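J.: Mind looking over this structure? Questions follow.
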Amino acid sequence: MQHRGEIVERAIRQSGYPISAIAKKLGKSRRWMYLMFDNNQLDLDKILAIGNIIHHDFSDEIKELGGNHANIAADPENPYNNQTKEYWKNKYLKLLEDYNELLKRTNEK
């Protein structure tokens, strides 16, 4: 059986979001968060709420979520979304190329 609290704790720690900030957004205390990590059968609604805060899709790790909520973190404008890493990399490279071109033109004058 999956331990939902441990899965959520691991995702939170990997996200880098402060536990106190997540607790505040949920209207809970830090103590409640730590108690939640010990909960084997954490409520799916709470998991989805935390996933929205930390921009994490738990559907791969928690089988009960299945495909119903597979796109919960699929916000294309979210720079923390794993699906958009390639987009932001390409955007950065394009900006870098434009900047280098501008430097060349400035130095030619």
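J.: Mind listing whichever residues of region 29-44 are at pLDDT 90 or above and either polar (S, T, N, Q) or under 19 Å from residue 57 (Cα atoms) (or both)?
T.: Residues satisfying the conditions are 29, 33, 36, 37.
J.: Pairs only if they're at least six apart or on different chains, beta carbon under 7 angstrom, first in region 86-102 and aromatic (Phe, Trp, Tyr), second surrounded by 10 or more Cβ atoms within 10 Å (Cβ to Cβ); list them, first residue then second.
T.: Going by the 7 Å Cβ cut-off, the qualifying pairs are 88/79.
J.: Assuming residue 26 fulfils every condition listed in (1) at pLDDT 85 or above; (2) more than 20 Å from the chain's Cα centre (by Cα) apart from one, which condition is it?
T.: Residue 26 satisfies every listed condition except (2).
J.: (1) under 16 Å from residue 13 (Cα atoms); (2) at pLDDT 90 or above: which one isn't true of residue 57, the others all being true?
T.: (2) is the only condition that residue 57 fails.
The values are calculated or read from the model by the stated rules, or taken from the named source; none is laboratory data. The shown structure was predicted, so the numbers you read here are calculated from the model rather than taken from an experiment. Every residue, glycine as well, gets a Cβ built from its backbone with ideal geometry; the counts of neighbours run over all protein chains shown.
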